[in-house]
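The values are calculated or read from the model by the stated rules, or taken from the named source; none is laboratory data. What you see is a predicted model; the values in this text were computed from it and never measured. As a convention, Cβ positions derive from the backbone with ideal geometry for all residues, glycine included, and neighbour counts pool all protein chains shown. Ligands, DNA and RNA are excluded from the accessible area calculation, which covers all protein heavy atoms including side chains. Shrake-Rupley method; radii C 1.70, N 1.55, O 1.52, S 1.80 Å.
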Amino acid sequence: YFLDKSDKYDSRDVERLQQDDKWVENYLIWRQDVVDDTLKMIDESFQWRKEYTVNDLSESVLPKWLFEIGALFLHGYDKEGYKLFWFKVKHHTRDPKQQLDKKKLVAFWLEHYAKRDHGKPLTVVFDMAETGISHIDLDFVRFIVNCFTDYYPNFLTKIVIFEMPWIMNAAFKIVKGWLGPDAISMLKFTNKNDVQEYISGEYLPPHMGGTDSFKYSYPPLVDDDFQTPLCENGPITSEDEHESKEEIDGDTKEVGEMNEAQNLNQKKMNSIEQISKSEETEKTEVKPKNAKKALTTFKGPLLHISPAEELYFGSKETGEKKCLIVLTNVTKNVVAFKVRTTAPEKYRVKPSNSSCEPGTSLDIIVSLHGGFAASLQDRFLIMAAEMDQSSGAGVPELTQFWKEVPRTKVMEHRLRCHVVESSKPSSLTLKDNAFNIPAKTNEDLHIQLTHLLQINKRLEEQMNRCLWFQQLSVVLSLLSVTVAAFCFYLAYAQRS
């Protein structure tokens, strides 16, 4: 394929295919490990990617009004922790002149998410409230379907269709004809009464029976709404508050030193010593000796981050409340980092806004506040950027650095939360001061099951071949015996 059609592909896609095993594996899984079908899909998707200049799509090359109407955007998560890709059908109208730009907008969002979250699957939501015949555009719908069935492998978990008008039943019968059996099983027709079987109320707007107060607006580009960096004792609301809090802490420290000089409130000093000792004990408890060896690693340009994809917490029953993130600076400069989350009210992070020296590793402790439990919808964002050697690494210098650093120089990596239900979870939790192998996710089990089914199919084919050869051997043996007997008979008759 490459030799014959190299001019039809983007060289960046070819290079990625040769280096990214996960991408190749997704193509194979989506085509059930049939190599010829997989090659055909890669060929078609690569030609499509070049035709639509997918690698070069950005906000600047698409009309601004496409983003402003809010027909397509990413926001929230379903109950399995998959990102929601929203299609507000009432904002779409048929217009052949705008069709190409609208299709490129779909490709932009899919590529934006694929690069950001490394191709993690999506759940598509068709919000068809307040729609009618004027909003039916089968060509556009077919393009969306093709994106998931032909161009983005293993990228779709399900399609949630909310309140489809009865007048569109005939149109969706046509759409089902474009989908294969596997994709048809992903269709979930819902209304206000049952949509929460798939999406919890916190990520549903009020007209769908939810409590999500999110209102789409542009700019900026809709993201995961990660909150500002967490402080070591819990959430803060803004960078300015972080600075003011430091000033208050400084004033408090000065007052404490004055009180100490006057030998006042000796009991308070004793309690402070006890607290500091308990914190030191906590730090020693959450740093097991061989923790780093058990972690999977994301290898970024500035930092290597372990674990690579998921933080493993225990459920309320198991009680594991802490996880460890290991950052390794692979540059020759100091790297500043900070941590954000989609659920700042739940988590405490130590340290949450600091720096890492060249060639060194640093442990970040992520712990749940009392009474809270981790959720599959929770996400963490680690941001990192190189600092000049002349820059300081104190809190004021870091605050100023993050205000001035260009967005293009910031490395971002996202981590999901995984909740372990078993009493002895195979997780990356820190309760017992040891790390075990991470529990299998549904996606991993699906992959393994697919491989097992393929292996079983191959074994059956081999057994059938063996039986066929065995039967053929028996027939040939009988034929040989018959021929030999006939030859002996002829020889005996001639002698007689």
Q | Selection count where residues are in contact (Cβ under 8 Å) with a residue 24 or more places away in the chain and farther than 27 Å from Gly201 by Cβ, scope the stretch 68-97 | A | 3
(Q) Quick check on my filter: what residues within the stretch 5-51 are open to solvent by less than 50 Å² (accessible area, probe 1.4 Å) and over 24 Å from the mean Cα position of the chain (by Cα)? (A) Tyr9, Asp10, Asp43
Q. On the given criteria, is Phe155 under 30 Å from Met383 (Cβ atoms) and either at pLDDT 90 or above or open to solvent by less than 20 Å² (accessible area, probe 1.4 Å) (or both)?
A. yes
Q: Could you please give the count of residues in the stretch 202-219 that are over 17 Å from Ala71 (Cα atoms) and in a loop (DSSP other than H, G, I, E, B)?
A: 5
Q) Out of the stretch 94-148, which residues are assigned to a helix (DSSP H, G or I), closer than 24 Å to Met411 by Cα and either open to solvent by less than 20 Å² (accessible area, probe 1.4 Å) or not assigned by the TED database to the domain that holds Asn191 (or both)? A) Ala107, Phe108, Trp109, Leu110, Glu111, Tyr113, Ala114
Q. So, in the stretch 40-58, of the ones that are touching a Phe, Trp or Tyr at 6+ places or on another chain (Cβ under 8 Å) and hydroxyl-bearing (Ser, Thr, Tyr), which residue ends up modelled with the lowest pLDDT?
A. Ser58
